[in-house]
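The values are calculated or read from the model by the stated rules, or taken from the named source; none is laboratory data. These numbers were taken from a predicted model, which means no experiment stands behind them. Neighbour counts are summed over all protein chains in view; Cβ atoms, including those assigned to glycine, are modelled from backbone coordinates with ideal geometry. In case anyone asks, the SASA skips ligands and DNA or RNA and just uses the protein heavy atoms, side chains included. Shrake-Rupley method; radii C 1.70, N 1.55, O 1.52, S 1.80 Å.
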Amino acid sequence: MKTLPKSSASNPVGKSSRVLRVRHYGTVIVLLVFLLSLVYLHFAWGRYERNEISKIINLGDTVGALLNTAQIRKHSNSGAEASAEQNLYPSLIRMVKVNTSIAHAYLVELRDGEIVFLLDSGPAPLTRKASPGHIFQDERILIETAWSSAQTTFTGTVVNSRGEWISTLTPIRDEHTNETVAVLGITYPLAPWNYHIMEHITTDVLVVLSLLILSVGLMRIFTEHARLRDRGDMLARDEALFHSVFEQAPVGISIVGDNRITYTSPDTRYSVNRMFETILGRDKAELEQTDWQAITHPDDLQPDLALLARYKAGEIDHYTLEKRFIRPNGSLVWTNLTIGSLTGSPQHGNMHLCILEDISARKRAEQSLRESERSKTVLLSHLPGLAYRCKYDHNWTMEFVSEGCEALTGYAPECLVDNRDLSYNDLVAPEYRDLLWAEWEQVLHQKRHFRYEYELITRDGSRKWVLELGQFIFAEDGSIAALEGIVIDISEQKAREAQITYLSEHDYLTGLNNRNYFEIEKKRFTDERYLPLSIMVCDINGVRLINDAFGPAEGDRLISDVAHMLQSLTRDGDVLCRTGGDEFTLLLPNAGEEQIDALCQRITHAVERYNQSNPNRPFEASVSFGFSTLAVGTGIDQTVASAEERLKHRKLLNQKSSHSAILSSIMATLYARSQETEEHGKRLTRLTRLIGERIGLDAGTLDDLELLSMLHDIGKVGVDDRILNKPAHLTPDEWVLMKRHSEIGYRIALSSPELEHIAVYILYHHEQWDGYGYPTGLKGEEIPLPARILTVADAYDAMIEDRVYRQAMPKADALAEIRRCAGTQFDPDVARIFLALMEQAEPDAAAPPHG
């Protein structure tokens, strides 16, 4: 900072000592007069205030004396409002009307230590919530004091939410017992009260002001001649101050010519300040040589020149615009430029005052705000619904509605604003209108955000589910200014929820209700109006076997067909559910044993008709069922358990026959589709029994060999016909599919109680002694003996029989192949025994062929 000039800064006290002394003593005198005036006014105010207090206390005493204590007691004892209206209340009203300075009057009494409000003259500015009124906390202690002291009490200033007040509290005493029966409260607004006092004190104030003006005038006369001597010093200080302000001003200041951004001043001091240099990024010497047009952004030059022409033509005396300057490094700076007249200069016609303010930060903020507004507009335009601001009324009168209104409701936003064509409440489905209002009221009471789902009726009459999120907007005084929020279209979400609910209660395959739904419904049916209640559990026999043999699709088709069949046999009010993979449960209200027996017969006949209508199916449908009726004293869960127990007994009775029938169907299908024949099975049965008997197997194992021989290729029923009957050799991919038949056969056998003990033999009947077989690569004695025996017999029979891709081999060549593969493909001991048996049976065929 620059220092003051030496002439004025070296000894400023010496230069103005006379002025300072005169000013000092004069100031002391003026202050003394001022203080004495204040003291005088204070006492005058107190005197007038006491007079006013005395008046209102006398008024309270006078009014209190006029009140009938008998009526007050009667009103207090009976609480009858009619009495108060006919006697006391008119008295209070007349008093308030006659004396306009009174704002309010009321009567209270002290009953059992509690203040009871008896009567109120309202309505008035000091409205108490509702008759019988409300005593402010600050008045309670004063009322108790007035009651006990039996003297009229002045409350002083009371401040509450409705303003500032003063009151008198006058005890009303019984003229006979001299007891206090009530307290009369008279309330006055503080402002008129103070105004009355001010009217009295105005004269005193004028006298005091005259005295102060006289004192100040005398002081100015005595100091004026001293000030003239100090003016030179003051000018020097002013110049120093101007220089400090000029250099340290937060805006750029420059004296500009017509073309130059600044000019060379005679004293080289006041042509441009440091902030101007900083804003433009150029020092004074460079600015003196710079044409302002050369550093103006091209887009801003023409507006600037147009304003300058009007300014020089005298049309305007100054102008302001926002423009960009180019700094030496090529960057731009946004400025607020003001050009004004420079008077008092010999060259004022060619020179102007330029004030430059850097507004780059503001421009960046404005740009950010525009981006924010643009983002908000984009957000609202992509909102799956509408944003709004509305009044808190039953029509939800809209003050603002976003563009999404038309997509949501079919109405343009302007149709709803101020209820031009219809109100938003008209769009709300009738059954939700009262609920919506009640929900908003609850939100207001609980002071939380609003969230509610309801339906709108759109312009085309369709319904849409919406979710409204909103809140109250409050004004500064606490009143409700508006509601703001968004209304989002959730129709798709509601549809998905309905779909989820449907899926949670329905079986995807059959479309019937599922176990979850059954658990819910069975509780509902415990009501007495549904009794007698019967429960039937139905189970499709052999579904697992069908799945393993013909694939899950065939099993699913059977389950779906049986489901539709059962559904066609139910009554209105019956509940049919799929409660397991192949199990269905029926809830049959108002159905006893007679109705259940009839239903069982209908189901049996329906299954028979189903089998007759599908003669080409490789299996027949079979259904077992059990049922029970809810008895008095038993629960529904016990009834369900009883029905399931009966089902188990029925399945045990039907299981063997149903599985045998399905197995027979599977074998018949296999023989029809592939080269495997029943004769092939019989030949294998004979060969494997011969080997088994020679080894010395027991009768049970020999029986297993017989079953294995007949059913070892049952898994081929699950292989594609094109692979089974291909006339050429199989490709590697086809061979992989063919190899799966042993695993399919294994699963089929496990599904049947009669076959599960030979399932492992079926699985391993293509394993080889050296471990290069399939499907698991077992070797040696890891392979079960029945599977090893079948491998030898099956290979021999296959070689001596014709195939679509080759002719049969001579028996001698087939036996030679068995002998060659003994110890690699075949168990060597089993192969040896087989060859010995063949040699005994057909000596010529068993002899090794000659090359």
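Details
- Lone unmet requirement of (1) closer than 14 Å to V256 by Cβ; (2) open to solvent by 20 Å² or more (accessible area, probe 1.4 Å) for L280: (2)
- Filter result (of a type in the set (S, T, N, Q), open to solvent by 60 Å² or more (accessible area, probe 1.4 Å) and either more than 17 Å from R94 (Cβ to Cβ) or touching a Cys at 6+ places or on another chain (Cβ under 8 Å) (or both)) within the stretch 51-76: N51, N58
- Yes/no for K494 being modelled with pLDDT of 85 or more and either in a helix (DSSP H, G or I) or surrounded by 13 or more Cβ atoms within 10 Å (Cβ to Cβ) (or both): yes
- When residues of the stretch 97-114 are limited to those that are open to solvent by 100 Å² or more (accessible area, probe 1.4 Å) and of a type in the set (V, I, T), the one farthest from V181 (Cα to Cα): T100
One line per residue, one yes/no per condition, for (1) open to solvent by 40 Å² or more (accessible area, probe 1.4 Å); (2) in contact with a strand residue (DSSP E or B) (Cβ under 9 Å, 6 or more places away or on another chain); (3) over 30 Å from R364 (Cα atoms):
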position	(1), (2), (3)
G252	no, yes, no
N273	no, yes, no
T296	no, yes, no
Q302	yes, no, no
A313	yes, no, yes
S341	yes, yes, yes
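- When the stretch 315-325 is limited to residues that are open to solvent by 50 Å² or more (accessible area, probe 1.4 Å) and either hydrophobic (A, V, I, L, M, F, W, C) or assigned to a strand (DSSP E or B) (or both), the one that is farthest from M275 (Cα to Cα) turns out to be H318.
- Scope the stretch 703-731; condition open to solvent by 60 Å² or more (accessible area, probe 1.4 Å) and without any contact (Cβ under 8 Å) to a residue 24 or more places away in the chain; matching residues: D703, E706, D720, R722
- Matching residues in the stretch 499-536 - criterion: being more than 17 Å from N590 (Cβ to Cβ), of a type in the set (S, T, Y), in a loop (DSSP other than H, G, I, E, B) and open to solvent by 20 Å² or more (accessible area, probe 1.4 Å): Y508
- Every residue from the stretch 426-444 that is more than 19 Å from S491 (Cα to Cα), open to solvent by 10 Å² or more (accessible area, probe 1.4 Å) and either in contact with a strand residue (DSSP E or B) (Cβ under 8 Å, 6 or more places away or on another chain) or of a type in the set (S, T, N, Q) (or both): L435, E439, Q442, L444
- Exactly one residue out of S91, S10, S16, S76 is at negative phi, at pLDDT below 80 and under 60 Å from the mean Cα position of the chain (by Cα): that is S76.
- Those residues of the stretch 480-491 which are touching a residue at least 40 places away in the same chain (Cβ under 8 Å) and open to solvent by 40 Å² or more (accessible area, probe 1.4 Å), in sequence order: I480, E484, I486, D489
- Candidates P123, P132, filtered to the one that is at pLDDT below 75, part of a loop (DSSP other than H, G, I, E, B) and closer than 22 Å to A70 by Cβ: P132
- Of all residues making up the stretch 310-340, the number that are more than 53 Å from the chain's Cα centre (by Cα) and under 16 Å from R260 (Cα atoms): 3
- Restricting the stretch 454-479 to residues that are part of a strand (DSSP E or B), touching a residue at least 12 places away in the same chain (Cβ under 8 Å) and open to solvent by 60 Å² or more (accessible area, probe 1.4 Å), the residue that is nearest to V401 (Cα to Cα) is Q471.
- Scanning the stretch 362-387 for residues that are in contact with a strand residue (DSSP E or B) (Cβ under 7 Å, 6 or more places away or on another chain) and at pLDDT 80 or above returns K363, G385, L386, A387.
- Residue check, K447 under 21 Å from P413 (Cα atoms) and either surrounded by fewer than 15 Cβ atoms within 10 Å (Cβ to Cβ) or basic (K, R) (or both): no
- Restricting the stretch 676-702 to residues that are open to solvent by 50 Å² or more (accessible area, probe 1.4 Å) and more than 22 Å from E839 (Cβ to Cβ), the residue that is modelled with the lowest pLDDT: T677
- Any hit, the stretch 775-792, residues being of a type in the set (G, A, S), part of a helix (DSSP H, G or I), open to solvent by less than 50 Å² (accessible area, probe 1.4 Å) and on the phi > 0 side of the Ramachandran plot: yes
- Annotation note: Cβ proximity below 6 Å between a residue of the stretch 517-534 that is modelled with pLDDT of 85 or more and a residue that is in a helix (DSSP H, G or I) (sequence gap 6+ or interchain) occurs for Y517/E505; S534/I596.
- A count restricted to the stretch 702-730 and to residues that are in a loop (DSSP other than H, G, I, E, B), within 60 Å of the chain's Cα centre (by Cα) and among the aliphatic types (A, V, I, L, M) stands at 1.
- G551 fulfils the conditions (1) modelled with pLDDT of 80 or more; (2) open to solvent by 10 Å² or more (accessible area, probe 1.4 Å); (3) not charged (D, E, K, R) except for a single criterion, (1).
- A Cβ distance below 9 Å, combined with a sequence gap of six or more or placement on separate chains, defines the contacts here; from the stretch 588-601, residues that are in a loop (DSSP other than H, G, I, E, B) reach residues that are of a type in the set (F, W, Y) in the pairs P589/F525; P589/Y530; N590/Y530.
- The residue list I800, I758 contains one member that is over 60 Å from the mean Cα position of the chain (by Cα) and either farther than 25 Å from N541 by Cα or among the basic types (K, R) (or both), which is I800.
- Close pairs from the stretch 25-47: first in contact (Cβ under 8 Å) with a residue 24 or more places away in the chain and under 21 Å from T202 (Cα atoms), partner of a type outside the set (S, T, Y) and open to solvent by 80 Å² or more (accessible area, probe 1.4 Å), Cβ under 8 Å, at least 6 apart: V33/L211; S37/L211
- Identity of the residue in the stretch 188-220, of a type in the set (S, T, N, Q) and either closer than 16 Å to W45 by Cβ or touching a helix residue (DSSP H, G or I) at 6+ places or on another chain (Cβ under 9 Å) (or both), that ends up least open to solvent (accessible area, probe 1.4 Å): S215
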